[in-house]
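Written out below as structure tokens is the structure these notes cover.
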Amino acid sequence: MYRYDEYDQRIVDERVVQFRDQVRRRLSGELTEEEFMPLRLQNGLYMQIHGYMLRIAVPYGLVSSKQMRMFAHIARQYDRGYGHFTTRQNIQFNWLKLEETPNILADLASVQMHAIQTSGNCVRNITSDEFVGVAPDEVVDPRPFAEILRQWSTFHPEFAYLPRKFKIAISGAQEDRAAIYAHDIGLAAVRNEQGEIGFRVLVGGGLGRTPVIGTEICAFLPWQHVLTYVESILRIYNQYGRRDNKFKARIKILVKALGIDEFKRQVEADWTDLKDGSGTLTAEEVERVAGCFTDPAYETLSNHDSTISAYKADSRPFTHWVMRNVRPHRVPGYVSVVLSLKKPGCTPGDATAEQMDAIADLADRYSFGELRVTHKQNLVLADVRQKDLIQLWQEATALELASPNIGLLTDIISCPGAEFCTLANARSIPLAKSIAQRFEDIDFQHDVGEISINISGCMNACGQHHIGNIGITGVEKKAHDEWYQVSIGGAEGNLSSIGKIIGPSFTFNQVPEVIDRLLQVYLQERIEAESFIETVRRVGHEPFKKHVFATELTVEEEPVADKHAVVPAKYEVPFYSPRF
Amino acid sequence: MIIKNKEIIADDWMVLRLGEHDVAESVTVVPGKVIVPLQVWLKQRDALQQRAEIGVWLASDERPETLRDDIQKFTVIAVDFPRFSDGRGYSIAFNLRARLGYTGELRAIGDVLRDQLFYMQRVGFDAFAPRSDRNIEDALKGLSDFSEVYQNSCEPKLPLFRRVQRKGNTAQQV
């Protein structure tokens, strides 16, 4: 993992001091809420339904056991005993008091963490592939570049008040596991024919109201130029991105309006002055940072372990788990293990303080003290010895972290939804739970196979519903009611695509039935080992639509009095401005 | 009073803002030290450039390149922040300094608040006129929020990795 030097530490410490003073000025009334809002947002602090929510940056998803224990401490000390891992590999806490947030930041700084730029109209946390450094299909380890970009974007003076938020994802493997096509900038670290490292640069991807798949702006950018090239993209966006309409302010709208050729011309005209200038990366700096990402002390092992095969023959649950939650590793005798935060009945992405402490212990004992947060809201132990699998599985099972459902029906990606978020039109988490319970049967899940269900409570798409094989979005037909649009055909990865809505929206209780009908079509139409998305691509949307709307969806509804009040607030929140 | 070169000083420049009925061609520019809107400069250039000292200000949607040929004629160039959250002024300042080579006073005017000053000085502003309802001594503190930064801009010109010898993986493991 990257380790702070004195400079990194000083910058983060000074941020704590700065924010403590900003909070003091807000509490004393020196700062208006309007003035304070962008300041707190650039520190990841939102005012939600029940209180302040703090989003903590987990840079490119990498977290140490010590940092995980700090999350547990924060959950206990300042929150209600749990935290929520997000689709951008961060963690957020939902029940905080404003006056305590400076202390939380100080606690985080003590373990080399922060909440800088996890929200606001600035460059957000850089995200990456959860299997960086260990995936067999990795071409270039992107971690040093992710860290260098993190530092470059941290408090960049020119790009703190952009037209809108700005998200960068970086990947270095043959298969894109970082959704780089769905980001404002997507970077794919590649090698050219001479074996030199560079980046394929995508721009203008994004979800939200207007989902767009990113477009290539540069096929091969030598690594030395990555910071200056990104700087030029941001400068063009900062100057010309729309500021008159929040819903048209993302870079994708500018790229569409100018066309990729004109956008590229402007970027490269700006870049001409910067290229080979002082912002050019040096080999020394890349080596310095890469020195933090060297291999742990792997043992020399073989990939063949007879005890695992014997145990698999005896235990179906273990076999299922190995099939879904264990991934190959580039080093013989090692595997990566996904700890599922998607046990049916639980909130997707949530972990209790007790689980976090236990997860940290698992990381210490089985994976060199490191963990990764996935953008699908699970956790990864990246460097596990194959021979430890049985014991790890037993322990993870006891902690309710071993649901064998990674990439299956119940591995649902969900935003927090209307119970927590002022933007959401509809509840997400209860719907995720309801769907997971309906399809809990593990044999059925394994029969259906690879599928992604993504739920967002509104069109802002925090649940990345556009790239779910089945995407669900909360909509309001009239004030205070909740409806759900269902789309199919979305996908992430090398074959990224945006899902298409199948028809009129549904009520809360109709959605599981709709999914059931979609699955019936798939199970009937699929050829051999075809996955859900492959069948959708082959047969098109029509058979699915037809079957969903063939007969009336008669499902009993229990009306919800107030979708925002399902989780009762425990204390008064200062400066609370309710949405309704 | 304004902040200039990290000190609070008296300021005798007047910022001319066009009123509802004013027209750039015909608005009267009073004698003395005046910072005129870009449009007034462009329309009254012949007369204004006779003055010993003149300033110009840019709105956040105006292009600094417009001043390319005149850049050394100004004692002051100001950039207006209509709202503190409008970040275009940062790129305007960067381009004035880094691309157009402007070396005179570069002043932030408009919705200029303490918590934006640190970033403003880094992209090339050396003078700040904080909003009049705010305490200028308090605003001054905003210039020293951080003692170190990562990236190059106008100030400093070099990124951290070119300025100092940074430690590698020898630091204490978290």
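Only the coordinates and a few stated rules stand behind these numbers; no lab work does. Please read these numbers as outputs of a predicted model, since none were measured by experiment. Please note: Cβ atoms are built from the backbone with ideal geometry, for glycine as well, and neighbour counts cover all protein chains shown.
What length, rounded to one decimal in nm, is gained on full extension from B:Glu148 through to B:Lys33, with 0.36 nm per residue of separation minus their alpha-carbon distance?
Full extension from B:Glu148 to B:Lys33 adds 37.8 nm.
Cross-link list A:Lys433/A:Lys546; A:Lys165/A:Lys275; A:Lys167/A:Lys546: which exceed 29 angstrom alpha carbon to alpha carbon?
Beyond 29 Å: A:Lys167/A:Lys546.
Have a look at B:Asp133, B:Asp115, B:Asp46 and tell me which one the Gaussian network model of chain B (Cα, springs below 10 Å) gives the largest fluctuation.
Sorting by GNM fluctuation, first place goes to B:Asp133.
Shape of region A:312-398 from its Cα gyration tensor (a ≥ b ≥ c, root eigenvalues): rounded if a/c is under 1.5, otherwise prolate when a/b > b/c, or oblate?
Values: a/c = 1.56, a/b = 1.20, b/c = 1.29.
It is oblate, given that a/c is not under 1.5 and a/b is not larger than b/c.
Rounded to the nearest 0.05, what FRET efficiency do A:Glu262 and A:Ala313 have when you use their Cβ-Cβ distance and R0 = 60 Å?
Efficiency, from the Cβ-Cβ distance: 0.45.
So if each residue of separation counts as 0.36 nm, and I subtract the Cα-Cα distance between B:Met14 and B:Asp61, what length gain in nm does that give?
Gain in length upon complete extension: 14.8 nm.
Distance between the C-alpha centers of region A:346-419 and region B:1-62? Whole Å please.
62 Å
Can you give me the distance in nm between label points at A:Gln520 and B:Arg134, each placed 7 Å from the Cα along the Cα-to-Cβ direction?
6.2 nm
One-quarter of the Cα convex hull surface for region A:383-464, in nm²?
6.9 nm²
Would you list, by chain and number, the aspartates and glutamates whose Cα falls below 19 Å from the Cα of A:Lys545, excluding same-chain residues fewer than 8 positions away?
A:Glu513, A:Asp516, A:Glu525, A:Glu534
Compare the Cα positions of A:Asn303, A:Pro317, A:Gln224 along the charge dipole of region A:215-330 (+1 at Cβ of Lys, Arg; -1 at Cβ of Asp, Glu; about the Cα centre) and return the one farthest towards the positive end.
The residue sitting farthest along the positive end of the dipole is A:Pro317.
So, in Å, what gap is there between the alpha-carbon centers of region A:497-515 and region A:1-71?
37 Å
Rounded to two decimals, what is Rg over Rh for region A:6-109 when you use alpha-carbon atoms and the Kirkwood radius?
0.95
Dipole of region A:6-109, Cα-centred, from +1 at each Lys and Arg C-beta and -1 at each Asp and Glu C-beta, to the nearest 20 debye? All intermediate terms of the calculation are to be shown ahead of the outcome.
Working: 14 positive and 13 negative charges, 80 e Å.
For region A:6-109, the charge dipole is close to 380 debye.
Order B:30-39, A:311-320 from most to least packed using the mean count of other Cβ atoms within 10 Å.
Final packing ranking: B:30-39, A:311-320.
Between A:Ala426, A:His183, A:Val255, whose Cα lies farthest towards the positive end of the dipole of the protein assembly as shown when Lys and Arg beta carbons carry +1 and Asp and Glu beta carbons carry -1, centred on the Cα centre?
Selected residue: A:Val255.
Looking only at the protein assembly as shown, where both bridge partners belong to it, what percent of the DSSP beta bridges are antiparallel (to the nearest 5)?
Approximately 65 percent, going by the DSSP bridge assignments.
Taking only the alpha carbons of region A:189-326, what extent do you get along each of the three principal axes, in Å, biggest first?
Per principal axis, max minus min of the Cα coordinates gives 62, 41, 26 Å.
List the chymotrypsin sites (Phe, Trp or Tyr not before Pro) in region A:58-137 that DSSP assigns to loop (not H, G, I, E or B) and whose Cβ has at most 11 other Cβ atoms within 10 Å. Which are they?
Answer by residue number: there is no such site.
How big is the Rg/Rh ratio for region A:420-515, C-alpha atoms only, Rh by Kirkwood, two decimals?
0.97
Treating cross-link reach as a plain straight distance, find the lysines whose alpha-carbon is under 28 Å from the alpha-carbon of A:Lys387, omitting any fewer than eight places away in the same chain.
A:Lys66, A:Lys312, A:Lys342, A:Lys343, A:Lys376
To make sure I understand the rule: partners must be lysines, Cα under 21 Å from the Cα of A:Lys478, and not fewer than 8 residues away in the same chain. Which ones qualify?
Within the straight-line limit of under 21 Å, A:Lys478 reaches these lysines: A:Lys563.
Can you pull the percent of Cα pairs in the protein assembly as shown with separation above 48 Å? Write out the running numbers ahead of the final one.
Numbers: 56814 of 283881 pairs.
Roughly 20 percent, rounded to a whole number.
If you build a Gaussian network model of chain B, linking Cα atoms that sit under 10 Å apart, which residue out of B:Arg83, B:Arg97, B:Arg163 swings the most?
Fluctuation is largest for B:Arg163.
Principal axes first, then extents: for the Cα atoms of chain B, list largest minus smallest coordinate on each axis, whole Å, largest first.
The Cα atoms of chain B stretch 67, 35, 27 Å along the principal axes, largest first.
What is the count of Lys pairs in region B:1-142 whose alpha carbons sit under 22 Å apart, if the two are 8 or more places apart or on different chains?
Taking region B:1-142 as the scope, the lysine pair count is 8.
Once you measure Cβ to Cβ distances between cysteines in the protein assembly as shown, which Cys have no partner under 4.7 Å?
A:Cys122, A:Cys218, A:Cys292, A:Cys346, A:Cys421, A:Cys458, B:Cys154
Would you work out the relative contact order for region B:2-147, in percent, from Cα pairs under 8 angstrom that are 6 or more residues apart?
Relative contact order for region B:2-147 comes out at 22 percent.
Which distance in Å, rounded to a whole number, links the C-alpha centroids of region A:291-329 and region B:76-93?
Region A:291-329 and region B:76-93 have Cα centres separated by 56 Å.
For A:Lys478 and A:Ile527, what is the calculated FRET efficiency with R₀ set at 51 Å and r taken between the beta-carbons, to the nearest 0.05?
According to the calculation, E is roughly 0.70.
Taking only Cα atoms and a 10 Å spring cutoff, compute GNM fluctuations for chain B and point out the largest among B:Leu100, B:Leu117, B:Leu58.
Between B:Leu100, B:Leu117, B:Leu58, it is B:Leu100 that shows the largest mean-square fluctuation.
For region A:413-548, what's the relative contact order in percent, using C-alpha pairs closer than 8 Å and at least 6 residues apart?
Reported as a whole number, the value is 20 percent.
Would you mind ranking A:Val16, A:Val373 by Cβ crowding within 10 Å, fewest neighbours first?
On the way: A:Val16 20, A:Val373 26.
Lowest to highest Cβ neighbour count: A:Val16, A:Val373.
What FRET efficiency comes out for the pair A:Glu354/B:Lys141, r = Cβ-Cβ distance, R0 = 56 Å, nearest 0.05?
According to the calculation, E is roughly 0.85.
Quick one: putting +1 on the C-beta of Lys and Arg, -1 on the C-beta of Asp and Glu, what dipole do you get for the protein assembly as shown around its Cα centre, in Debye to the nearest 20?
860 debye
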